[in-house]
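Comments concern the structure below.
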Amino acid sequence: MTQEAQQETRSTCPYCGTGCGVVISHSAGRITGVRGDPDHPANFGKLCTKGANLHRTVQLDGRLVQPLWRAQRAAPLQALGWDEALDKAARRFAETIRAHGPDSVAFYISGQLLTEDYYVFNKLARTLVGTNNIDSNSRLCMSSAVAGYKATLGMDSVPCCYEDIDLADLLFISGANTAFAHPILFRRIEAAREARPELKIVVVDPRRTDTAAMADLHLQIAPGTDLYLFAAMLQVLAAEGLVDAAYIADHTEGYAVLLEQLGSVTPEVAAGVCQVPAADIVQAARWFGQAAAPLSFWCQGLNQSGHGTANSAALIHLHLATGKIGRPGMGPFSLTGQPNAMGGREVGAMANLLSAHRDLKNPADRAEMADFWGIPALPTQPGLMAVQLFEAVRRGAIKALWIACTNPAHSLPDQQRVREALAACPFVVVQDAFADTDTCAHADLLLPAATWGEKDGTVTNSERRITRVRAAVAAPGEARADWRIARDFALALGRQLDRPGAARLFDFPSPAAVFAEHARSTRGRDLDIAGLDYARLEQGAVQWPYAAGQANGKARLYSDGVFPTASGRARFAPIELRLNGEAPDAAYPLRLNTGRLRDQWHGMSRTGRSGRLYAHEAEARLQMHPDDMAQRGLADGDLVRLSSRRGDTVLPVAASNELAPGSVYLAMHWGSANLSHPGANLHTLQELDPVSGQPALKHAAVQITPVSLP
Ligand code: SF4
């Protein structure tokens with residue numbers, strides 16, 4: 001291979017919401033290496049283990065390279081051409097729509113998709129099909145943060161930026177193991193601590209994670225008790241004069257009502273519920289109130305809860321009460337799990353959202369988008385959110401389902417119900433890069449999608465920064481970009497439904513054309529990116545908003561203390577104090593917590609292909625406190641049966657002092673319908689946040705018993 005044959009292409013890491021820039025090396029149509037992009041402001045050249053091994057996960061093994069079809073679920077898959085595949089799909093969708101109405105079909109897509117992919121799917125569902133039944137696996141990771149932002153600040157937007165890590169004097173991290181889930185941000189936190197030893201770090205987490213281990217104060221609260229902690233902190237701030245009365249008076253509403261509502265939650269009361277010393281709660285509140293610039297991070301620990309919206313709002317309240325928002329180094333900063341959960345929110349490709357942060361429930365917003373797309377009206381019936389959507393499949397209300405770039409048979413709670421729903425669904429299309437996920441086993445039609453390194457578009461990271469994703473090599477076989485598959489299906493469906501207007505609606509020759517239309521749809525909105533196009537993004541990633549004529553993106557929001565609510569004031573939202581839904585009892589006395597490992601990603605369809613990424617953790621192991629193990633006569637490595645009201649799993653146990661007694665922990669990555677360990681989500685339940693619809697994936701009541709081998 002000659003030196004001249006080597007090429008480099010800038011792109012973005014496809015894993016977590018940090019959104020690190022990468023430089024892909026490739027030669028003769030093959031990806032040969034990857035390094036951090038030194039010019040990207042999310043990572044300045046650094047990569048974590050997952051990112052640095054990306055090129056080792058790119059291989060043909062397990063890839064879907066041509067459309068595959070089967071006439072019956074048990075029949076073998078047969079190859080067919082794209083035209084025939086799309087015609088078959090369009091015919092079945094059109095028949096279903098004609099016979100049962102547009103709400104009898106649904107689309108379940110993914111935070112792994114690029115913004116352009118999301119945009120075309122969203123437009124397809126809302127315009128051509130006429131349903132709001134489009135939801136994303138982002139429902140599982142950040143929808144409670146979205147609802148929390150809207151309830152308090154008036155819109156779904158992260159007001160901070162990564163640079164705030166370098167400027168904060170207190171980092172308050174709740175329900176987020178950044179050391180594992182956002183490693184490059186964690187390195188920035190470590191660097192900030194090294195540069196400024198006076199920087200205080202408080203971590204709220206039921207486990208003593210690697211993140212908690214570096215904290216000045218670790219509040220190891222009982223799982224699901226966050227609301228009591230934040231309520232007590234608010235009381236301490238008020239009682240000790242650490243609130244900013246002028247900011248509250250000038251820029252917020254509802255403070256006095258909320259304070260009175262939560263008045264009974266003293267630090268002593270919260271200490272009893274949270275099972276941490278009252279003095280630690282007081283200390284955390286004092287540090288928060290006394291800090292010149294407190295920066296709060298949160299992630300799944302708060303979001304994946306039956307009261308995730310309230311968790312998010314209660315944390316944001318601490319910033320509003322102290323006026324610590326909108327200035328350098330401070331603010332409430334929700335970390336997005338997936339690489340483009342933010343982009344999906346921006347195009348509104350979720351059941352309860354609408355394009356460019358418009359409100360599906362608002363007739364004026366619906367009319368505005370209908371006018372923009374040139375159709376008479378948008379559907380009004382609310383769409384089904386992820387868990388509800390699969391329940392509707394299960395009871396037969398959804399008869400044709402399109403799944404793109406996600407593995408719901410693995411990742412949704414109470415997965416056996418989801419697998420049964422998929423098995424019973426009359427028609428399932430799965431569009432994916434990989435052929436071997438549990439969801440693929442339920443497909444009538446499999447469509448091969450391009451993946452990282454093979455497709456063009458954009459993503460938005462956790463700090464609202466829009467970055468280009470670029471193809472370095474061609475997709476293998478007949479695999480196509482996701483936006484193109486959605487467009488080609490829309491054109492085929494338009495023919496089947498006899499809608500000649502489909503050709504105009506989906507006249508997208510390229511991802512740049514899709515982005516241009518999306519950008520136009522944001523004009524005048526809070527996330528206005530009408531000034532942005534691919535040419536501007538060639539100069540570097542940009543934070544939104546970026547309106548026409550704007551010279552730079554905006555690093556921070558709400559600097560002027562004006563919020564996008566009817567009154568212009570931020571809101572202290574009412575908080576209903578709640579705990580986890582399924583309490584431990586005599587039959588299931590332990591609390592199961594689920595989460596991520598440092599070197600694996602989701603259902604391992606990509607990371608599972610690199611041997612190096614097993615060096616950190618080689619197999620699925622149930623972590624358990626040594627006292628709980630001793631009570632059951634268990635030794636490290638013994639096989640145990642993990643039982644819940646939803647099923648049994650057999651896997652090895654590992655002693656862990658990270659956990660408090662009474663809790664066990666299981667990573668969500670491993671598992672398959674064909675194994676004795678079908679996955680952590682066999683045990684999680686369909687407890688949903690009442691506002692966001694996000695499931696409480698981090699909690700289930702379980703029992704552990706030894707397994708004796710014959
Ligand atoms: Fe990729 Fe996240 Fe690691 Fe950055 S921190 S390299 S985005 S996985």
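Just so it is clear, none of the values below were taken in a lab; they were calculated from the coordinates. What you see is a predicted model, and the numbers here were worked out from it, not measured in a lab. Neighbour counts run over all protein chains shown; Cβ positions are idealised from the backbone, glycine included.
Here the Karplus curve 6.51 cos²θ - 1.76 cosθ + 1.60, taken at θ = phi - 60°, turns the phi angles of the range 301-313 into couplings of x, 8, 6, 7, 8, x, 9, x, 5, 5, 4, 5, 4 Hz, with x standing for Gly and Pro. Between the range 222-298 and the range 106-184, how many Å separate their Cα centres? What the calculation gives is 26 Å, centre to centre.
Fully extending the segment from residue 491 to residue 190, taken as 0.36 nm per residue of separation minus the present Cα-Cα distance, adds 103.3 nm. For residue 659, nonlocal amide neighbours, meaning residues 5 or more places apart or on other chains whose placed amide H falls under 5 Å from its own, are 208.
Please work out the FRET efficiency for the pair residue 292 and residue 504, using the Cβ-Cβ distance as r and a Förster radius of 51 Å; give the result to the nearest 0.05. Show your work: numbers first, answer last.
Values: r = 55 Å, r/R0 = 1.08.
The pair residue 292/residue 504 has a calculated efficiency of 0.40.
How much FRET efficiency would the formula 1/(1 + (r/R0)^6) give for residue 260 and residue 560, where r is the Cβ-Cβ distance and R0 is 30 Å, rounded to 0.05? Display every interim value, and only then the final one.
Numbers: r = 29 Å, r/R0 = 0.97.
The pair residue 260/residue 560 has a calculated efficiency of 0.55.
The phi torsions of the range 661-678, fed into the Karplus equation with coefficients 6.51, -1.76 and 1.60 and a -60° offset, translate into couplings of x, x, 10, 10, 9, 9, 5, 8, 6, 6, x, 7, 4, 8, 10, 5, 10, x Hz, rounded to whole numbers, with Gly and Pro shown as x.
Beyond 19 Å, what percent of the Cα pairs of the range 3-57 remain?
22 percent
In loop segments of the range 525-629 as defined by DSSP, the GluC sites (Glu not before Pro) with at most 12 further C-beta atoms inside 10 Å of their C-beta are 538, 576, 619.
Test of understanding: what is the full-extension gain from residue 84 to residue 641, defined as 0.36 nm times their sequence separation minus their Cα-Cα distance?
Full extension of this stretch gives 195.8 nm more.
Computed from backbone phi with θ = phi - 60° and the Karplus coefficients 6.51, -1.76 and 1.60, the 3J(HN,Hα) list for the range 421-426 is 4, 5, 5, 8, 5, x Hz; x is used for glycine and proline.
According to the Cα gyration tensor, what semi-axes, each the square root of 5 times an eigenvalue, does the equivalent ellipsoid of the chain have, listed from largest to smallest in whole Å? Can you show the working numbers first?
Values: eigenvalues 278, 190, 132 Å².
Computed over the chain, the values are 37, 31, 26 Å.
By the Stokes-Einstein formula, at 0.890 mPa s and 25 °C, the range 590-706 with its Kirkwood radius over alpha-carbon pairs has D equal to 167 µm²/s.
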